[in-house]
Amino acid sequence: MHKNAKKAFALLTTSALFLSLAACGKSDGGSNSGNANSENGGVVELPLSEEVTMSMFMPGLDNLTSSYALEDNKFTQKIHEETGIKLEFIACTQAERKEKLSVLLNAGDYPDLIRDINMTLNDIQYYADQGIFVSLDEYGLMDYPNIKTAFDEYPGLNEALRGNDGKLYALPEVNDCLHNTYRGGRLHYYMPWFRDNDIEVPETLDEFTDYLRWVKTSDANGNGKADEIPLAFWKDESIIKNTISALAKPFLPWVMTDKYWGLAVEDGKVTEQYRSEEFREALRYMNMLFEEGLILENSFSISQDELRAIGESEEGPMIGVVGAFGADGAVQRGGERWAEYFFLMPALEGPNGDKWAPNKDPWNIFYPGMMVTDNCEDPALAVALYNYLIDFEVSMDGYIAPKGEGWDDPDSDSVSLRGDAPKYKLLMNYGTQPENSGWNQNNPMFRNPDFRLGEQANDFETAKEWLETGNKDLLEDVYTNPSFNEIANYLTAQPLMEYAIPDEYFIPPMALNSDDNTRIADINAVLDPYKLQVFAEFITGARDIDNDWDAYLAELDAMGSAEMVEIMQKYYDEQK
């Protein structure tokens with residue numbers, strides 16, 4: 001295992017021994033702590049004496065954040081009031097993010113700041129080589145208390161974010177938590193149908209299939225109609241990847257990370273898992289589910305809002321299993337059904353007797369928090385702004401809602417989720433905050449264990465009993481408990497650790513030279529959407545898994561998949 005990977009993984013697994021939350025590292029930075037080097041060697045102090053406008057690409061528009069605009073959003077207003085920086089946004093939904101940002105960057109009409117935690121190191125290097133993203137090392141990063149804390153606590157950030165020239169083109173973000181690490185292929189199930197019908201939760205793929213068939217034929221919701229949906233997901237790239245990954249894992253240790261999908265290291269070789277016979281069998285299984293009507297027919301085209309309209313039907317629950325990262329896939333957060341969907345399907349034993357968890361790679365806790373473009377007139381100010389944004393109290397306001405509304409100081413006699421003095425308490429369940437009260441955790445944050453585990457724990461034992469027994473008498477106490485979300489996040493992910501894919505399977509961060517990086521970017525621009533399309537075609541029967549498989553392999557070759565692997569293998573061997 002690579003040296004820095006061990007450091008990152010050790011930090012992750014250490015924090016995973018405790019309960020998890022969603023918060024940020026303490027610092028003494030505050031709103032006046034920005035001090036990037038300006039062109040004359042001085043520092044940028046916040047707040048500014050005169051207002052400055054900066055433009056920012058910002059994904060994440062949804063029902064809780066319908067606007068980031070200054071006139072609409074409380075957190076944007078806070079930033080303006082405390083820094084003197086007026087942010088103007090090019091905003092979009094997460095589903096629109098990839099296409100919209102690509103158009104902006106390639107057309108040259110891009111803003112000062114880019115917020116996209118889904119960018120890979122190679123993506124960042126690609127735009128840095130074109131001169132679009134600027135190097136940030138010259139702006140005194142380690143003079144910033146919040147940025148310095150991030151690098152001091154997580155030296156693996158350098159491996160994860162620095163380019164092939166050793167320079168930093170992305171400001172660091174950390175999200176060190178167990179449940180996010182185990183989000184590479186998750187299925188949430190509606191627990192009362194198991195409880196009320198005395199059905200055991202499946203442990204094997206055959207048992208899982210039998211349960212889906214039972215849902216289809218049993219009138220589980222008792223409304224006298226054959227309207228139950230055994231398994232559903234919705235049209236979103238990450239959700240489709242998540243669901244296919246979940247259904248592939250009983251067949252092989254299928255890799256889904258924030259950077260790679262179906263690319264793994266097996267016996268020291270970078271391997272296209274999507275070429276394997278095991279994955280072919282997985283697709284055959286998914287096709288069988290689809291042909292039997294066990295997968296919602298329009299899952300590849302339905303929106304999440306449309307799926308939630310089904311999931312929240314007044315006629316009763318409709319969906320047995322949802323391919324989603326959280327319990328809110330088919331319902332809104334904070335209600336009864338949300339708590340009833342907070343149950344994870346365990347790692348399922350497949351035909352070979354193996355079980356594989358949905359864990360990601362050891363570097364998944366590191367993200368590119370913000371990139372600064374060559375259109376930005378004052379990169380030093382951008383760095384100062386970022387240091388302000390990842391301050392603890394600022395982050396909390398952006399995460400949920402202003403202090404006193406969404407969160408507050410802890411009670412004097414309380415304990416945290418890890419048993420020591422808490423750092424803060426939530427006043428509402430995350431996901432139930434008022435519209436535009438913050439940025440719905442799309443703001444940059446430094447979420448170390450202090451942040452994650454520092455929440456005041458309210459009624460932990462009741463939440464634990466609910467997840468263990470489904471006792472219906474506890475339901476109201478659970479879904480109204482502001483601590484339930486994070487207690488459940490940890491407790492439901494913890495059992496998966498036993499079946500974790502070994503970290504040696506994961507491709508480490510690799511900084512490629514400009515030519516190789518450009519070539520891989522060109523290949524992925526065609527290959528990534530093709531994989532999504534062709535897998536969907538195999539699953540729905542538009543392509544025949546037996547008769548069209550050889551043509552699929554030939555198309556992979558024509559698109560450069562094997563060439564990509566050859567390039568990556570060269571760099572992997574150099575890092576061993």
Going through 503, 522 one at a time, which residue ends up being exposed (fewer than 15 other Cβ atoms within 10 Å of the Cβ), under 25 Å from the mean Cα position of the chain (by Cα) and touching a residue at least 24 places away in the same chain (Cβ under 8 Å)? 522
If I filter segment 434-442 for residues that are over 20 Å from residue 73 (Cβ atoms), in contact (Cβ under 8 Å) with a residue 60 or more places away in the chain and buried (at least 23 other Cβ atoms within 10 Å of the Cβ), do I get at least one hit? no
Could you please find all residues in segment 376-394 being within 23 Å of residue 455 (Cα to Cα) and in contact with a Leu (Cβ under 7 Å, 6 or more places away or on another chain)? 388
Of the listed residues (346, 362), the one being in contact with a Phe, Trp or Tyr (Cβ under 7 Å, 6 or more places away or on another chain) and part of a loop (DSSP other than H, G, I, E, B) is 362
Just to be sure I understand the filter: pairs with C-beta atoms under 8 Å, separated by 6 or more residues or on different chains, first member in segment 154-165 and surrounded by fewer than 18 Cβ atoms within 10 Å (Cβ to Cβ), second member of a type in the set (Lys, Arg). Which pairs pass? 155/7
Residues of segment 164-211 being farther than 17 Å from residue 328 by Cα, of a type in the set (A, V, I, L, M, F, W, C) and over 16 Å from the mean Cα position of the chain (by Cα), which ones? 168, 170, 171, 193, 194, 199, 201, 205, 208
In this structure, does residue 273 turn out to be open to solvent by less than 30 Å² (accessible area, probe 1.4 Å) and among the polar types (S, T, N, Q)? yes
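Name the single residue that is farthest from residue 360 (Cα to Cα) among those in segment 101-133 being charged (D, E, K, R) and touching a residue at least 12 places away in the same chain (Cβ under 8 Å).
Going residue by residue through segment 101-133, those that are charged (D, E, K, R) are 109, 112, 115-116, 123, 129.
Cutting the leftovers down to touching a residue at least 12 places away in the same chain (Cβ under 8 Å) gives us 112, 115-116, 123, 129.
Details: 112: 31, 115: 22, 116: 19, 123: 19, 129: 28 Å.
Selected residue: 112.
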Going residue by residue through segment 371-383, is there one that turns out to be surrounded by fewer than 23 Cβ atoms within 10 Å (Cβ to Cβ), β-branched (Val, Ile, Thr) and part of a loop (DSSP other than H, G, I, E, B)? no
Exception for residue 305 within (1) surrounded by 19 or more Cβ atoms within 10 Å (Cβ to Cβ); (2) outside any loop (DSSP other than H, G, I, E, B) falls at (1)
Considering only segment 277-286, I want to know if a residue exists there that is part of a loop (DSSP other than H, G, I, E, B), modelled with pLDDT of 95 or more and closer than 26 Å to residue 542 by Cα. no
Which members of segment 182-198 meet the condition of being out of contact with any Leu (no Cβ under 9 Å at 6 or more places or on another chain), in a loop (DSSP other than H, G, I, E, B) and open to solvent by less than 50 Å² (accessible area, probe 1.4 Å)? 183, 184, 190
Taking the condition of being among the hydrophobic types (A, V, I, L, M, F, W, C), open to solvent by less than 50 Å² (accessible area, probe 1.4 Å) and not in a loop (DSSP other than H, G, I, E, B), how many residues in segment 106-140 meet it? 6
Determine which single condition residue 412 fails, assuming it passes every other condition in (1) of a type in the set (Gly, Ala, Ser); (2) under 21 Å from the mean Cα position of the chain (by Cα); (3) in a loop (DSSP other than H, G, I, E, B). (2)
Per the list (1) over 14 Å from residue 386 (Cβ atoms); (2) open to solvent by less than 10 Å² (accessible area, probe 1.4 Å), residue check on residue 103 breaks on (2)
Give segment 345-375 a look and list any residue that's under 22 Å from residue 449 (Cβ atoms) and hydrophobic (A, V, I, L, M, F, W, C), or say none. 357, 363, 365, 366
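Kindly indicate the residue of segment 46-63 that is part of a loop (DSSP other than H, G, I, E, B) and modelled with pLDDT of 95 or more and also nearest to residue 138 (Cα to Cα) among those meeting that condition.
First, pick out the residues of segment 46-63 that are part of a loop (DSSP other than H, G, I, E, B): 46-51, 60-63.
Then drop every residue that is not modelled with pLDDT of 95 or more, which leaves 46-51, 60-61.
On the way: 46: 19, 47: 22, 48: 21, 49: 24, 50: 24, 51: 24, 60: 30, 61: 33 Å.
Filtering first and then ranking leaves 46.
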Hey, does segment 19-40 have a residue that's within 19 Å of residue 386 (Cα to Cα), at pLDDT 50 or above and open to solvent by 40 Å² or more (accessible area, probe 1.4 Å)? no
Check segment 280-301 and report whether any residue there is under 20 Å from residue 533 (Cβ atoms) and touching a Leu at 6+ places or on another chain (Cβ under 6 Å). yes
The lone exception for residue 408 - which of (1) under 16 Å from residue 489 (Cα atoms); (2) touching a Lys or Arg at 6+ places or on another chain (Cβ under 7 Å) it fails: (1)
Suppose the filter is within 16 Å of residue 444 (Cβ to Cβ), touching a Leu at 6+ places or on another chain (Cβ under 7 Å) and surrounded by 14 or more Cβ atoms within 10 Å (Cβ to Cβ); does residue 57 pass it? yes
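Is it the case that some residue within segment 78-94 is open to solvent by less than 20 Å² (accessible area, probe 1.4 Å), at pLDDT 95 or above and touching a Lys or Arg at 6+ places or on another chain (Cβ under 9 Å)?
Of the residues in segment 78-94, the ones open to solvent by less than 20 Å² (accessible area, probe 1.4 Å) are 79, 83-85, 87, 92.
Filter once more, so that each one left must be at pLDDT 95 or above: 79, 83-85, 87, 92.
In the following step, the residues that additionally are touching a Lys or Arg at 6+ places or on another chain (Cβ under 9 Å) were identified as 79, 92.
Yes; the residues of segment 78-94 include at least one that is open to solvent by less than 20 Å² (accessible area, probe 1.4 Å), at pLDDT 95 or above and touching a Lys or Arg at 6+ places or on another chain (Cβ under 9 Å).
Please count how many residues of segment 64-77 are open to solvent by 50 Å² or more (accessible area, probe 1.4 Å), in a loop (DSSP other than H, G, I, E, B) and either of a type in the set (Val, Ile, Thr) or within 15 Å of residue 398 (Cα to Cα) (or both).
Of all residues in segment 64-77, those open to solvent by 50 Å² or more (accessible area, probe 1.4 Å) come to 66, 71-72, 74, 77.
Still in the running and in a loop (DSSP other than H, G, I, E, B): 66, 71-72.
Next, only the ones that are either of a type in the set (Val, Ile, Thr) or within 15 Å of residue 398 (Cα to Cα) (or both) stay: 66, 72.
Residues meeting the conditions: 2.
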Could you tell me which numbered condition residue 472 fails, if it satisfies all but one of (1) in contact with a Cys (Cβ under 9 Å, 6 or more places away or on another chain); (2) surrounded by fewer than 21 Cβ atoms within 10 Å (Cβ to Cβ)? (1)
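Might you let me know whether segment 398-408 holds any residue that is of a type in the set (Phe, Trp, Tyr) and at pLDDT below 95?
The initial filter retains those residues of segment 398-408 that are of a type in the set (Phe, Trp, Tyr), namely 399, 407.
Checking which are at pLDDT below 95 leaves us with none.
The answer is no; no qualifying residue exists.
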Filter segment 544-576 for residues that are without any contact (Cβ under 8 Å) to a residue 24 or more places away in the chain and closer than 30 Å to residue 293 by Cα; the one that is least open to solvent (accessible area, probe 1.4 Å) is 552
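Could you go through segment 527-543 and let me know if any residue there is assigned to a loop (DSSP other than H, G, I, E, B), of a type in the set (Gly, Ala, Ser) and crowded, with 18+ Cβ neighbours inside 10 Å. It would help to see each step written out before you state the result.
Residues of segment 527-543 that are assigned to a loop (DSSP other than H, G, I, E, B), as a first pass: 541-543.
Narrowing further to those that are of a type in the set (Gly, Ala, Ser): 541-542.
Filter once more, so that each one left must be crowded, with 18+ Cβ neighbours inside 10 Å: none.
Looking for residues that are assigned to a loop (DSSP other than H, G, I, E, B), of a type in the set (Gly, Ala, Ser) and crowded, with 18+ Cβ neighbours inside 10 Å, one finds none in segment 527-543, hence no.
The values are calculated or read from the model by the stated rules, or taken from the named source; none is laboratory data. It should be emphasised that the depicted structure is a prediction, and the values quoted were computed from it without experimental measurement. Please note: Cβ atoms are built from the backbone with ideal geometry, for glycine as well, and neighbour counts cover all protein chains shown. Remember, those area values only see protein heavy atoms, side chains included, never the ligands or the DNA or RNA. Shrake-Rupley method; radii C 1.70, N 1.55, O 1.52, S 1.80 Å.
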